Amino acid sequence: MAAYATFGLAPATRAGALLADGAYEVHREFLDFVVDGRPLLARLADVDGVSPLAADLGPTVFTSQVRALLLEGLPPLPGGRHVLYACPECEGLECGVVTAVIERDGADVVWRDFVWQTAPAPDPVRDGYRGVGPFRFRSAEYRAVLERLLADGVCGARRVLLVGPRVALFARLAAALRSIGIGAEITRDAAGAHAAEIRTYGAVAFERDVGEDERAAVRAAFAAAGSDAVFIEAPAPAVPLLVAQVEQALQHASHTLRRLTGLTAGAGRAHVGVAAACRVRLTGYRQCRFRRIRTVEVFEGRLEPGEHAVPLDARLRAGAFVVARTTGDVLVARLTA
């Protein structure tokens, strides 16, 4: 029997760049395939591509890509071939893609015949990757890794949909959320997603430039699907604040009991409600005159149950934000005059 390879996934980035001629290479976040502990992309020399498990795909497309890799349905290309890496800019076949035959062999899943493909019928002799594969995976391990991508969002516990363009702020936010175990996808077609997929999201964040008609269509789609996702209508202008807003929204969506019962800020004080004794950290975020976000540590210590007024740093003025954190709980408030 052929030796088995291990199968896994790992976050990867195709960094964007401004080229000498003024053209721009888009930034892409995706999950790379890991075979025997090594990213598959690293085995393929000079390939500038992203896997079909990209963070900026809409929920319907992402799910269909996962199910294709699970061999649930017909392969996307003739000959049982599946796209493993595509052009980060357009994902068109004519730009060149890395494909492989993915098939069942008894109880196993096999990836074989890796090629660089620019037409429907590739030439494995001319364009094949010698020394790459075949890889034989145990079906249970293979399926568990991919099915986890679909199961992570059950009941919307740890999954957020980012509605807006694939811009730097949302790209960085998606990467930051994934680093703390929160699934995130970026899309401009949320209203067209299937109801079952919509219900896997616990929160939705709108980019500031998304118009009211698009917002209304997304809200209507979530309502029709019976979702109780929390909508973040006005995202904060910095990734750490956005992460906190998403965490807070997901807590509300999960209906879990919270240690922090409330947070308001104004008139030089932050008012924190605490349901059970816990260690609380308060952090302020202000925007300087150059529009950069500055962090101000406000308080860290144990608070007993009840309402607490904590003095704020004089640098925190109306429009700044305060974030309260304790174990498993986050609240965000904007300072009023």
Filter pass, Ala175 being under 30 Å from Val239 (Cβ atoms), assigned by the TED database to the domain that holds Ile232 and assigned to a strand (DSSP E or B): no
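Taking the stated definitions as given, is Arg67 modelled with pLDDT under 85 and among the basic types (Lys, Arg)? Step through it out loud before you land on a result.
Values: modelled with pLDDT under 85: no; among the basic types (Lys, Arg): yes.
Judged against the criteria, Arg67 is not a match.
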Those residues of the stretch 30-52 which are open to solvent by less than 10 Å² (accessible area, probe 1.4 Å), over 13 Å from Thr13 (Cβ atoms) and either hydroxyl-bearing (Ser, Thr, Tyr) or in a loop (DSSP other than H, G, I, E, B) (or both) amount to Leu44
Per the filter on the stretch 85-116, residues touching a residue at least 24 places away in the same chain (Cβ under 8 Å) and basic (Lys, Arg) are Arg104
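Could you list, in sequence order, all residues of the stretch 77-87 that are surrounded by fewer than 19 Cβ atoms within 10 Å (Cβ to Cβ), of a type outside the set (Gly, Ala, Ser) and out of contact with any helix residue (DSSP H, G or I) (no Cβ under 6 Å at 6 or more places or on another chain)? Spell out the reasoning first.
Going through the stretch 77-87, the residues surrounded by fewer than 19 Cβ atoms within 10 Å (Cβ to Cβ) turn out to be 77-80, 87.
Checking which are of a type outside the set (Gly, Ala, Ser) leaves us with 77-78, 87.
Within the stretch 77-87, Leu77, Pro78 meet the criteria.
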When (1) in the same structural domain as Ala309 (by the TED database); (2) modelled with pLDDT under 90 are applied to Leu250, the one that fails is (1)
Check your understanding: Out of curiosity, is Ala100 open to solvent by less than 30 Å² (accessible area, probe 1.4 Å) and modelled with pLDDT of 90 or more?
Key -> yes
- Item | Verdict on Val163 being modelled with pLDDT of 75 or more and either open to solvent by less than 40 Å² (accessible area, probe 1.4 Å) or among the β-branched types (Val, Ile, Thr) (or both) | yes
Picked from the stretch 296-318 (must be small (Gly, Ala, Ser) and closer than 19 Å to Gly273 by Cα), the residue least open to solvent (accessible area, probe 1.4 Å) is Gly301
Counting only residues in the stretch 193-213 that are outside any loop (DSSP other than H, G, I, E, B) and open to solvent by 50 Å² or more (accessible area, probe 1.4 Å), the one modelled with the lowest pLDDT is identified as Ala196
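Residues checked against (1) open to solvent by 40 Å² or more (accessible area, probe 1.4 Å); (2) charged (D, E, K, R):
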{"position": "Phe231", "(1), (2)": "yes, no"}
{"position": "Pro237", "(1), (2)": "yes, no"}
{"position": "Leu241", "(1), (2)": "no, no"}
{"position": "Gln245", "(1), (2)": "no, no"}
{"position": "Arg259", "(1), (2)": "yes, yes"}
Can you find even one residue in the stretch 319-331 that is farther than 20 Å from Gly273 by Cα and either part of a loop (DSSP other than H, G, I, E, B) or in contact with a Lys or Arg (Cβ under 9 Å, 6 or more places away or on another chain) (or both)? yes
When (1) over 15 Å from Phe321 (Cβ atoms); (2) surrounded by fewer than 16 Cβ atoms within 10 Å (Cβ to Cβ); (3) not assigned by the TED database to the domain that holds Ser179 are applied to Gly273, the one that fails is (2)
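The values are calculated or read from the model by the stated rules, or taken from the named source; none is laboratory data. Computed from a predicted model, the values in this text were never measured in an experiment. Reconstructed Cβ throughout: ideal geometry from the backbone, glycine too, with neighbour counts over all protein chains shown. Note: areas computed on protein heavy atoms with side chains; ligands, DNA, RNA excluded. Shrake-Rupley method; radii C 1.70, N 1.55, O 1.52, S 1.80 Å.
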